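The values are calculated or read from the model by the stated rules, or taken from the named source; none is laboratory data. The structure presented is a predicted model; accordingly, all values stated were derived computationally and were not measured. Here the Cβ positions follow ideal geometry from the backbone for every residue, glycine too, while neighbour counts run over all protein chains shown. Heavy atoms of the whole protein, side chains included, go into the accessibility calculation; ligands, DNA and RNA do not. Shrake-Rupley method; radii C 1.70, N 1.55, O 1.52, S 1.80 Å.
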Amino acid sequence: MALREQFQENGMKTRSDICMSVMLTTGMATGSAASPVDKRRGQMKMLLARPWLRDVVIAGPLVLLLVGFLVIPLSFILWGSVEGTKLNFAHYARTLTNETNLKILLYTLRIGLIVTLVSLVAAYPVAYLLTKIRPRALSIVTIFILIPLFTAFLIRTYAWIIILGREGIINNTLLRLGIVSEPLPLLNTTFAVVIGMTHVFIPMAIFTMYSSMVRIDHDFARAAQILGAKPVQAFLRVYFPMSLPGVLSAGVLIFIIAIGFYITPALLGGPSDTMISQLIVMQMTTLLNFELSYASSIVLLLVTIGTLFLASLFIPLEMIWSPSIADLSNRPPSARTRALKGAKQVFDPVLVVFEMLVHAITKPLLTRKSRWLWVYTIAVLVFLTAPLIVIVVLSFSSSPFVVFPPPGFSLQWWEKLANATDWQASFLFSTKLGLTSALLATIIGTMGAFWLVRTTLPIKRALFLFSLSPLMVPVVIIATSLYVFEARIHVLGSFIGLVIGHVLLSVPYVIVVMSAALRGFDPSLERAAAVHGARPIQVLRLVTLPILKPALITAGLLAFLTSFDELLVSIFLLGRQTSTLPMKFWGDIKFQVNPLLSTASTFIVALVIVSILTVQWIRVRHEKRTSASANN
């Protein structure tokens, strides 16, 4: 209290004078020399007083992680692809001219494009509806989308094996109805690959587009209707062009992930459906042709970089992962606006005819209550959740085989899972790995987010994109480069080497979540606490982190689920350690499909549901407390 009164009486003092007064007062109160604790505090203040040193401490772990375990490993495979000083480009020529390799590359690009278009078309109406409904309905629909989004790729792919198999749900239903006389070849086809990958990417497309579309004011479209435009014209000429950045963001994100996808094509596709990620893994692990796998990886990386470069001409790249972070106000219209104007002039007559036809067809459906949108959204939610429901039902089957519907109810598979020591060991190891990776990723990512948001460097945007680079590089390339690099530094097959790979993939998600939260954080609260005598560490512990608690929990959960679901990095880096849960799934799915897999999948889905509901509860509770404090 005395210090506060002293500050109020001497309001014109500088910050250094105030600090000196605090130090003198503390020294007079003790009547002796400064204690070791006070000395350490003084040293900490001296360190924090130097901005460049503070930035090094905060940004150091993130920069070390990205440079040491992404940039350098990528340079190793780049160097190896040309056989070092030999500068032999024959492996690139073989990748691009060999008929089989070229066919696989073109097939990969074609599947990536098809899956991207299908996912965007399927997800857009749902994202549009989410921008119009009330908060309570939004929360309910969001939960039904989050559950499949956070469920492991392997589990969702396993569900489609059950549904599309020769004795699967679709074929059995068609046979019973007499529509077909023999089972259709649905599994191990391009159709199965597209369906499985679309199921994976639709939730991602919904949330990516929604985060951009939610900032568009619907009054613009309503104003166009008041001025005489038909509902279809108001949508196509006003709302849709404003939503295009979100659509492009979702499209780029899905495409760069799809062309590097491994799990779903490997399990649902046939020999003719091989994608380049499968080719790289086969060249690396089976054929042991390392140089050719390096060249294939670099070609895939160049395709990804080219895609991102083209996208950067139309939208800020950071908008792909977090529209709330992208600073759109500082970017001129440039290429996107010119392209839209040119397209409008060329296709305007066609657009008029198209609008008339669409208006005639959709006029009965376009009501203020958006009933058709609700019907469509419910259909999409059923598509997303039905495979998971099938898995849950099969976990209580009395049959020793995968038969749907089950002939009876039984807990036998739950008893077998409870007694399966190999599954328990894999679950405990994955949990240990996930918690360790999530903790390190949350710490490193949060520190990096603080630095990226609050730095004043002119290359701030480039630094943010660099921090997200693990999301831009296909996972198969990261796994390959880490395999080579960790073998060189003798950590391959160790727990720490595996943690490094998982942390590298998890950190960008933490940065995205925490950067968005810090953008909305009021720094005056920290300054107020510092003015009243709180030390920097106290400000962080008592003011900043409690306010950011929901974002920290969300970031930690994302990091944990990313690690818990990761397969490719584990395949390359695990060594002789206990198999992770995804690797246990992977091994069992390739040899047999039985209800025990459904039981293990149901257990993981239940954990995902509990995690999502817990995070939602914490968020709602935090918002209520914040609003109550603001009202008081």
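Which fully enclosed helices (runs of 4 or more DSSP H) of segment 479-559 have 2 or more residues being touching a residue at least 24 places away in the same chain (Cβ under 8 Å)?
495-519, 536-539
What about G260, is it in a loop (DSSP other than H, G, I, E, B) and on the phi > 0 side of the Ramachandran plot?
Details: in a loop (DSSP other than H, G, I, E, B): yes; on the phi > 0 side of the Ramachandran plot: no.
When the stated conditions are applied, G260 does not pass them.
Restricting attention to segment 160-181, report how many residues are more than 22 Å from V200 (Cα to Cα) and open to solvent by less than 20 Å² (accessible area, probe 1.4 Å).
Qualifying residue count, segment 160-181: 1.
Please go through segment 105-130 and give me each residue that is β-branched (V, I, T) and open to solvent by 30 Å² or more (accessible area, probe 1.4 Å), ordered by number. Working first, answer last.
Within segment 105-130, the first condition is being β-branched (V, I, T), and the residues that meet it are 108, 111, 114-116, 118, 121, 126.
The answer is I114, V118, V121.
Any residue in segment 134-145 that is in a helix (DSSP H, G or I), out of contact with any Cys (no Cβ under 9 Å at 6 or more places or on another chain), buried (at least 21 other Cβ atoms within 10 Å of the Cβ) and at pLDDT 90 or above?
Checking segment 134-145: at least one residue is in a helix (DSSP H, G or I), out of contact with any Cys (no Cβ under 9 Å at 6 or more places or on another chain), buried (at least 21 other Cβ atoms within 10 Å of the Cβ) and at pLDDT 90 or above.
Does any residue of segment 510-533 turn out to be open to solvent by 30 Å² or more (accessible area, probe 1.4 Å), among the small types (G, A, S), at pLDDT below 95 and at positive phi?
Yes, segment 510-533 contains a residue that is open to solvent by 30 Å² or more (accessible area, probe 1.4 Å), among the small types (G, A, S), at pLDDT below 95 and at positive phi.
Just name the residue that is nearest to V513 (Cα to Cα) out of those in segment 432-466 that are among the polar types (S, T, N, Q) and either over 22 Å from the mean Cα position of the chain (by Cα) or open to solvent by 60 Å² or more (accessible area, probe 1.4 Å) (or both).
Filtering segment 432-466 for residues that are among the polar types (S, T, N, Q) and either over 22 Å from the mean Cα position of the chain (by Cα) or open to solvent by 60 Å² or more (accessible area, probe 1.4 Å) (or both), the one nearest to V513 (Cα to Cα) comes out as T455.
Are any of the residues in segment 197-218 touching a residue at least 60 places away in the same chain (Cβ under 8 Å), in a helix (DSSP H, G or I), surrounded by fewer than 20 Cβ atoms within 10 Å (Cβ to Cβ) and not polar (S, T, N, Q)?
Checked against the condition, which is being touching a residue at least 60 places away in the same chain (Cβ under 8 Å), in a helix (DSSP H, G or I), surrounded by fewer than 20 Cβ atoms within 10 Å (Cβ to Cβ) and not polar (S, T, N, Q), segment 197-218 yields at least one hit.
All but one of (1) under 21 Å from P387 (Cα atoms); (2) in contact with a His (Cβ under 6 Å, 6 or more places away or on another chain) hold for S563; which doesn't?
With (1) under 21 Å from P387 (Cα atoms); (2) in contact with a His (Cβ under 6 Å, 6 or more places away or on another chain) applied to S563, the lone miss is (1).
Just to be sure before I move on: is F429 open to solvent by 10 Å² or more (accessible area, probe 1.4 Å), over 22 Å from F150 (Cβ atoms), touching a residue at least 60 places away in the same chain (Cβ under 8 Å) and in a helix (DSSP H, G or I) in the structure I sent?
no
Every residue in segment 444-478 that is touching a residue at least 40 places away in the same chain (Cβ under 8 Å) and among the basic types (K, R), please.
Going through segment 444-478, the residues touching a residue at least 40 places away in the same chain (Cβ under 8 Å) turn out to be 444-455, 461, 464-478.
Within segment 444-478, R454, R461 qualify.
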